[in-house]
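**Student:** The following block contains the structure, expressed as structure tokens.
The values are calculated or read from the model by the stated rules, or taken from the named source; none is laboratory data. Keep in mind that this is a model prediction, so the values were computed, not measured. Neighbour counts are summed over all protein chains in view; Cβ atoms, including those assigned to glycine, are modelled from backbone coordinates with ideal geometry. Quick note on the areas: whole protein, heavy atoms, side chains included, nothing else; ligands and nucleic acids left out. Shrake-Rupley method; radii C 1.70, N 1.55, O 1.52, S 1.80 Å.
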Amino acid sequence: MLGLSLYALLAFGFGTWLPPLKLGGKDSIGARIIAGYAAMTAAFFIVHIALQMSLSASLISLMGIAMSGILKQFWKVRKIDASHLFHPVSVFLLVGFGAIALNGGGGYLPFTIDEFTNWIGASRLIHLHGGYAEIADTIHLPGYTPGWRLVLLMPWQVFGVADLGASASAPFVMHLGLATLFYEIVRSEISGRYNFRDSEVSLLAWLALLLYLTAEGTGKLWTYDLLIEQPQIYAFTAVIFFLLIDDLETKPSNSAVMYAGLALMGGFLFKAAAIIFVPALGLVTIWYLVRSENRRRPDNWKTGASRLAYLILPTLSVFILWGILKPVTAQNCMSAPMSTLTPQAISSVAAQDWQGLARRYGLAVGGYLLGYKTLLAFTGFIGVVVAAKFRWVSAHIALAGFAFMYLAALYWYHLTCFGPYYFENLNSIPRLSRVVIQPFHAIGLLVMAVGIVRFTPKRLFSKLTTNKITSSACYIAVAALLSWQSIQIYRTTQDVTTRVYQHVDSRIAEMRALANFVKSTYPRSRNTPLVQIVNQGADSDVFGYAKFFSMSDEKGQPRPIIRYAGGVSWSAGAPTNHWQEQLDAKQLQAKFAAADIIWPITTDDWIAHILSRLVRDDSCLEKLPTYFLLKQTDGTFSCQKKKSIVSNE
């Protein structure tokens, strides 16, 4: 509950310092949360990395800013509107707290290799070493903007403990802000067109929101991982939602574009790919200038320039600041994109089958666009048609420009950066493509909702609330869909703690069991044991899991409690995959003999034969993956059952 409380207070508190965005005459709480989240991330980035304040002092300063903003807001309002109790933010925060409580407080178990090595894993290293500067040059992918890594470790500064469960709600608060913005846009459209009571307007807006959440336009409300893609998606979707708000306004205003610029800044601090959005926002500004209703305005160019500044200056500012602060070790292509544009990189492209890659890449991305939630893709295309008809096109211009450049950059990285393996086996196309596909689905759903409100005959639309049957049906639908969302949130909080509903790499439990065995068996005074993992025929992701669990929790002086021997898979002949090493039997036996613990996960007859020369009792060799081998004083190994320690994880 600590994490959910902290993220919600910080995001809303920072949002209260921003000029309000009015939707239907009311302050947009969703906009405040989204922009406040971005401002919170930027503030932590500045005070900790640029000003070099400690992690705990940085959080204290952020809490001071947020709480003073909340107190200022309450002093200004001096009363609590009863309608806020039934606002999506209040309702879903309550559901989130309830789900965490029912799950015994909630935890978090990473389950993708990128989480272990890059996101939550990197956050844990920053926390344990006492700050980003201490590991800036050695952290995995040092050129990546550190915003998301810093966000995930914020709750840990309260008690000084790396509680992964407290970080699990970080995406939820941002997604809740985005969902609330959807609700407020629809509510504003309904209240501006129909003379409904507030309760009736809220009912219909709730119905639209819950249908949106059920469709999972931007995924589940409480996502099941802490990868960077969903926060990126929320930020980019927020940008195009704000641009749509700007198109829907009868008079041009800087409020919506200012919030769009802040959302993009947050997206850049999560991952530098957001900089690709800047040229797309330039296209939006050109569209604003050439629109017929704006060309006649005497201050057209001045207004266009100010709007462009609101859209891109926040992102360009942190882009420049990060360019100054970025570690000097950030020189590889993943951390330094410009290195893919050197003459050497460009000349290497000509030697590759770039045309064949283009065909495979285009088919993979296009197939996923059409095959991933096909109904939502269809809705997205309908949204394009509706937006074009009524000239609400700024959002789609921005998204189309960004999507083109993002997918082109991803193709270029396959040519120049990802390496031979991913040239042949395309790199995470579904996960990376969703960064542009989900915003497309979301804006399609929002445009359709606005179109239905605006262009359904008033008499027909009014029957939704005036007719007892349809009104009752709306209440029942809202109750049912809200119950469904509550169940989904509960299941997700349970899932991220136990992974009970997902297929999880079994090697995660194996490596956690190994680390726990070493902690309980080897006192600190003894030498750190050397462990040889045997994962014949598999990839090397197991090392990422192993290193995560084998780091001690001593803040300021973390140390690995295990040393790992290199390699997990071997072959006497030519390697059968990208990760396998070529060694003869004698070399491999010597390698095994040097270890203190041998931890088999997958083996074959060749491996078993080599190990038989080292094991005292060869009865375990027939079921090696259910045992681990522990070195004895005479240099031989004894078989130890894994079952008792792995099953307790």
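This table checks each residue for (1) closer than 21 Å to GLY573 by Cβ; (2) of a type in the set (Phe, Trp, Tyr).
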position: PHE592; (1), (2): yes, yes
position: ALA595; (1), (2): no, no
position: ILE607; (1), (2): yes, no
position: ASP617; (1), (2): no, no
position: LEU621; (1), (2): no, no
position: PHE628; (1), (2): no, yes
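**Student:** Related question: Just to check your reading of the model, which residue among PHE440, PHE404, PHE418 is open to solvent by 20 Å² or more (accessible area, probe 1.4 Å), touching a residue at least 60 places away in the same chain (Cβ under 8 Å) and at negative phi? Even if it seems obvious, please write down each step before you answer.
**Tutor:** On the way: PHE404 fails: touching a residue at least 60 places away in the same chain (Cβ under 8 Å); PHE418 fails: touching a residue at least 60 places away in the same chain (Cβ under 8 Å).
Going through PHE440, PHE404, PHE418 in turn, the sole match is PHE440.
**Student:** How about region 314-345: which of its residues are assigned to a helix (DSSP H, G or I) and of a type in the set (Val, Ile, Thr)?
**Tutor:** If the condition is that a residue be assigned to a helix (DSSP H, G or I) and of a type in the set (Val, Ile, Thr), then THR315, VAL318, ILE320, ILE324, THR340 are the ones that fit.
**Student:** What about ILE489, is it open to solvent by less than 30 Å² (accessible area, probe 1.4 Å), modelled with pLDDT of 95 or more, more than 17 Å from LEU369 (Cβ to Cβ) and in a helix (DSSP H, G or I)? Don't jump to the end; show me each part of the working.
**Tutor:** Details: open to solvent by less than 30 Å² (accessible area, probe 1.4 Å): yes; modelled with pLDDT of 95 or more: yes; more than 17 Å from LEU369 (Cβ to Cβ): yes; in a helix (DSSP H, G or I): yes.
Against the criterion (open to solvent by less than 30 Å² (accessible area, probe 1.4 Å), modelled with pLDDT of 95 or more, more than 17 Å from LEU369 (Cβ to Cβ) and in a helix (DSSP H, G or I)), ILE489 qualifies.
**Student:** If you don't mind, there's one more thing I want to ask. What are the pairs with Cβ atoms under 8 angstrom where one residue, in region 480-499, is more than 20 Å from GLY104 (Cα to Cα) and the other, located anywhere, is polar (S, T, N, Q) and surrounded by fewer than 18 Cβ atoms within 10 Å (Cβ to Cβ)? Sequence gap at least six, or different chains.
**Tutor:** LEU481/THR214; TRP484/THR214
**Student:** Which pairs do you get when a residue that is more than 25 Å from THR218 (Cβ to Cβ) and touching a residue at least 12 places away in the same chain (Cβ under 8 Å), found in region 356-378, comes within reach of a residue that is open to solvent by less than 80 Å² (accessible area, probe 1.4 Å) and part of a helix (DSSP H, G or I), reach meaning Cβ atoms under 9 angstrom, with the pair 6+ apart or on two chains?
**Tutor:** Once the first residue is more than 25 Å from THR218 (Cβ to Cβ) and touching a residue at least 12 places away in the same chain (Cβ under 8 Å) and sits in region 356-378, its partners that are open to solvent by less than 80 Å² (accessible area, probe 1.4 Å) and part of a helix (DSSP H, G or I) give LEU357/TYR411; LEU357/HIS414; LEU357/LEU415; LEU357/PHE423; ALA358/TYR411.
**Student:** Only one of (1) hydrophobic (A, V, I, L, M, F, W, C); (2) outside any helix (DSSP H, G or I); (3) open to solvent by less than 10 Å² (accessible area, probe 1.4 Å) fails for VAL239. Which number is that?
**Tutor:** All conditions pass for VAL239, except number (2).
**Student:** For a quick check of your reading of the model, give me the residue pairs whose first member lies in region 548-577 and is over 21 Å from PHE517 (Cα atoms) and aliphatic (A, V, I, L, M), whose second is in a loop (DSSP other than H, G, I, E, B) and modelled with pLDDT of 85 or more, with beta-carbon atoms closer than 8 Å and at least 6 apart or on different chains.
**Tutor:** Partner pairs satisfying both residue conditions: ALA572/LEU583; ALA572/ASP584.
**Student:** Would you confirm whether any residue within region 188-195 is buried (at least 22 other Cβ atoms within 10 Å of the Cβ), under 24 Å from the mean Cα position of the chain (by Cα) and of a type in the set (Ser, Thr, Tyr)?
**Tutor:** Within region 188-195, none of the residues are buried (at least 22 other Cβ atoms within 10 Å of the Cβ), under 24 Å from the mean Cα position of the chain (by Cα) and of a type in the set (Ser, Thr, Tyr).
**Student:** When residues of region 189-222 are filtered for being of a type in the set (S, T, N, Q) and either touching a Lys or Arg at 6+ places or on another chain (Cβ under 6 Å) or at pLDDT below 95 (or both), how many remain?
**Tutor:** 4
**Student:** Taking the condition of being surrounded by 19 or more Cβ atoms within 10 Å (Cβ to Cβ) and under 13 Å from LEU207 (Cβ atoms), how many residues in region 446-460 meet it?
**Tutor:** Total satisfying the criteria: 2.
**Student:** Name the single residue that is surrounded by the fewest Cβ atoms within 10 Å (Cβ to Cβ) among those in region 48-102 being of a type in the set (Phe, Trp, Tyr) and at pLDDT 95 or above.
**Tutor:** Among those that are of a type in the set (Phe, Trp, Tyr) and at pLDDT 95 or above, it is PHE97.
**Student:** Could you please let me know if LYS251 is assigned to a loop (DSSP other than H, G, I, E, B), without any contact (Cβ under 8 Å) to a residue 12 or more places away in the chain, open to solvent by 40 Å² or more (accessible area, probe 1.4 Å) and out of contact with any strand residue (DSSP E or B) (no Cβ under 6 Å at 6 or more places or on another chain)?
**Tutor:** The answer is yes for LYS251.
**Student:** Just checking, how many residues over region 198-256 are of a type in the set (Val, Ile, Thr) and over 22 Å from ARG391 (Cβ atoms)?
**Tutor:** So the answer is 6.
**Student:** Looking at LEU10, LEU23, can you tell me which residue is touching a Phe, Trp or Tyr at 6+ places or on another chain (Cβ under 9 Å) and either open to solvent by 20 Å² or more (accessible area, probe 1.4 Å) or touching a residue at least 60 places away in the same chain (Cβ under 8 Å) (or both)?
**Tutor:** When all the criteria are applied, what remains is LEU10.
**Student:** Right, next: Could you look through region 500-540, keep only residues that are part of a helix (DSSP H, G or I), in contact with a Phe, Trp or Tyr (Cβ under 8 Å, 6 or more places away or on another chain) and among the charged types (D, E, K, R), and pick out the one that is surrounded by the fewest Cβ atoms within 10 Å (Cβ to Cβ)?
**Tutor:** By that ranking, first place goes to ARG512.
**Student:** Test ALA395 against the criterion of being under 21 Å from the mean Cα position of the chain (by Cα), crowded, with 19+ Cβ neighbours inside 10 Å, small (Gly, Ala, Ser) and in a helix (DSSP H, G or I), and give yes or no.
**Tutor:** Numbers: under 21 Å from the mean Cα position of the chain (by Cα): no; crowded, with 19+ Cβ neighbours inside 10 Å: yes; small (Gly, Ala, Ser): yes; in a helix (DSSP H, G or I): yes.
No; evaluated as a whole, the condition is false for this residue.
**Student:** A further question on this structure: What about THR223, is it over 30 Å from SER61 (Cβ atoms), of a type in the set (Val, Ile, Thr) and surrounded by fewer than 24 Cβ atoms within 10 Å (Cβ to Cβ)?
**Tutor:** no
**Student:** In region 583-595, is there at least one residue being farther than 17 Å from ALA538 by Cα, out of contact with any strand residue (DSSP E or B) (no Cβ under 8 Å at 6 or more places or on another chain), hydrophobic (A, V, I, L, M, F, W, C) and free of Cβ contacts under 8 Å to residues at least 12 places away in the same chain?
**Tutor:** Scanning region 583-595, I find at least one residue that is farther than 17 Å from ALA538 by Cα, out of contact with any strand residue (DSSP E or B) (no Cβ under 8 Å at 6 or more places or on another chain), hydrophobic (A, V, I, L, M, F, W, C) and free of Cβ contacts under 8 Å to residues at least 12 places away in the same chain, so the answer is yes.
**Student:** State yes or no: is MET53 part of a helix (DSSP H, G or I) and under 27 Å from the mean Cα position of the chain (by Cα)?
**Tutor:** Criteria not met by MET53.
**Student:** Starting from residues that are surrounded by 19 or more Cβ atoms within 10 Å (Cβ to Cβ) and not in a helix (DSSP H, G or I), keep the ones in region 113-135 and report whichever is farthest from the chain's Cα centre (by Cα).
**Tutor:** By that ranking, first place goes to TYR132.
**Student:** Now for a separate question. Name the one entry in ILE49, ILE139, ILE65 that is under 30 Å from ILE489 (Cβ atoms) and out of contact with any strand residue (DSSP E or B) (no Cβ under 7 Å at 6 or more places or on another chain).
**Tutor:** On the way: ILE49 fails: under 30 Å from ILE489 (Cβ atoms); ILE139 fails: under 30 Å from ILE489 (Cβ atoms).
After ruling out the rest, the residue left standing is ILE65.
**Student:** Yes or no: ALA238 in contact with a helix residue (DSSP H, G or I) (Cβ under 8 Å, 6 or more places away or on another chain), at pLDDT 95 or above and of a type in the set (Gly, Ala, Ser)?
**Tutor:** yes
A quick yes/no check of all residues on (1) at pLDDT 90 or above; (2) among the β-branched types (Val, Ile, Thr); (3) more than 28 Å from the chain's Cα centre (by Cα); (4) surrounded by 19 or more Cβ atoms within 10 Å (Cβ to Cβ):
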| site | (1), (2), (3), (4) |
| --- | --- |
| ASN427 | yes, no, no, no |
| ARG431 | yes, no, no, no |
| ARG434 | yes, no, no, yes |
| SER462 | no, no, yes, no |
| ALA473 | yes, no, yes, no |
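**Student:** May I pose another question? Could you tell me whether ALA479 is small (Gly, Ala, Ser), out of contact with any His (no Cβ under 8 Å at 6 or more places or on another chain) and not in a loop (DSSP other than H, G, I, E, B)? Write out each step before concluding.
**Tutor:** Details: small (Gly, Ala, Ser): yes; out of contact with any His (no Cβ under 8 Å at 6 or more places or on another chain): yes; not in a loop (DSSP other than H, G, I, E, B): yes.
So ALA479 fits the description; yes.
**Student:** A follow-up question, please. Against the definition (in a helix (DSSP H, G or I) and more than 20 Å from the chain's Cα centre (by Cα)), how does LEU94 come out, yes or no?
**Tutor:** In short, yes.
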